[in-house]
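Here is the structure we will look at, set down as structure tokens.
The values are calculated or read from the model by the stated rules, or taken from the named source; none is laboratory data. Please read all numbers here as calculations on a predicted model, not as lab measurements. Reconstructed Cβ throughout: ideal geometry from the backbone, glycine too, with neighbour counts over all protein chains shown.
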Amino acid sequence: MGAVATTSGSPANSPAARLAAQIEFIAECDKLKEIFRQTINTTSRRAENDAEHSWHLCLCVIVLAEHANASNLDVLRVLKMLIVHDLVEIDAGDTFAYDTAAMAHQHEREAVAAERIFGLLPADQAREFRGLWDEFEEKQTLEARFATAVDRFQPMLLNCRSQGAAWNRHGITHDRVVGRNRHIAEGSAELWHYAEKMLQEVVDAGHLAKGPGQPPVKA
């Protein structure tokens with residue numbers, strides 16, 4: 001039996017069909033620009049979208065890679081991971097990091113989205129992209145841990161530079177921020193040390209409330 005023809009008349013395994021599939025994937029991913037996050041941009045104070053978030057994460061990796069716990073970090077792999085890991089939110093939407101009810105089923109929703117979205121690509125690239133997404137989710141490799149560290153740090157930075165706007169809107173306190181983000185240290189102890197100081201400055205300025213049982217804010 002001959003190769004299955006595409007709607008354009010090219011065989012499914014031809015270079016033309018491969019390119020067409022890749023272009024469809026790229027066009028589909030434009031939808032990421034329409035997925036808005038809880039974090040706000042520091043200047044306009046509008047909600048950051050997922051595409052902006054992904055770009056900013058990659059910039060963080062390029063600038064901050066020297067602070068990773070691993071001296072032999074594969075920076076290109078980290079960048080690939082961060083470019084693809086939020087594409088699933090085209091279908092699954094953004095899940096607020098402190099919404100415990102939504103977080104309970106986040107992985108299942110996003111895994112279904114990963115199948116559809118990465119499945120638009122030629123089979124070899126679909127496997128590669130899904131593998132990168134799975135690696136990020138499992139957080140077992142040096143690259144995944146640093147990617148996670150940056151993914152947690154960037155929203156904290158924007159929140160701190162916007163006087164805790166998103167945290168305050170949802171009643172998020174210092175203890176919850178620390179509990180959610182302390183895993184940054186698994187990818188970069190230095191970055192977590194900086195984040196702790198950054199958080200304390202926001203608390204001291206009165207922009208982030210302490211949680212129950214925590215010491216009072218400095219006078």
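One residue stands out in region 153-166 among those that are polar (S, T, N, Q) and part of a helix (DSSP H, G or I): the one that is farthest from S71 (Cα to Cα), namely N159. Across region 22-38, the number of residues qualifying as assigned to a helix (DSSP H, G or I) and surrounded by 14 or more Cβ atoms within 10 Å (Cβ to Cβ) comes to 6. G171 is checked against (1) at negative phi; (2) surrounded by fewer than 19 Cβ atoms within 10 Å (Cβ to Cβ) and fails just one. What number does that condition carry? Of (1) at negative phi; (2) surrounded by fewer than 19 Cβ atoms within 10 Å (Cβ to Cβ), only one is false for G171: (1). Identify all residues within region 45-70 that are under 15 Å from K33 (Cβ atoms) and in a loop (DSSP other than H, G, I, E, B); write none if there are none. Scanning region 45-70 gives a single hit, R46. For region 25-55, a tally of residues being touching a Cys at 6+ places or on another chain (Cβ under 9 Å) and closer than 22 Å to H170 by Cα returns 0.
The single condition among (1) in a helix (DSSP H, G or I); (2) crowded, with 21+ Cβ neighbours inside 10 Å that A126 does not satisfy is (2).
Please state which one of A97, A101 is outside any strand (DSSP E or B) and surrounded by 18 or more Cβ atoms within 10 Å (Cβ to Cβ). Full working, then the answer.
Details: A101 fails: surrounded by 18 or more Cβ atoms within 10 Å (Cβ to Cβ).
Exactly one residue qualifies, and that residue is A97.
Of all residues in region 145-183, count the ones that are within 17 Å of H56 (Cα to Cα) and either touching a helix residue (DSSP H, G or I) at 6+ places or on another chain (Cβ under 7 Å) or not basic (K, R) (or both). Adding up the residues that qualify gives 16. As a summary of the residue check, L120 satisfies the conditions (1) part of a loop (DSSP other than H, G, I, E, B); (2) free of Cβ contacts under 8 Å to residues at least 60 places away in the same chain except for the one numbered (2). Would region 133-152 turn up any residue that is at pLDDT 95 or above, closer than 25 Å to R45 by Cβ and outside any helix (DSSP H, G or I)? Checked region 133-152: no residue is at pLDDT 95 or above, closer than 25 Å to R45 by Cβ and outside any helix (DSSP H, G or I). Selection within region 71-94: residues that are in a loop (DSSP other than H, G, I, E, B) and under 13 Å from the mean Cα position of the chain (by Cα). The member of this set that is surrounded by the fewest Cβ atoms within 10 Å (Cβ to Cβ) is G93.
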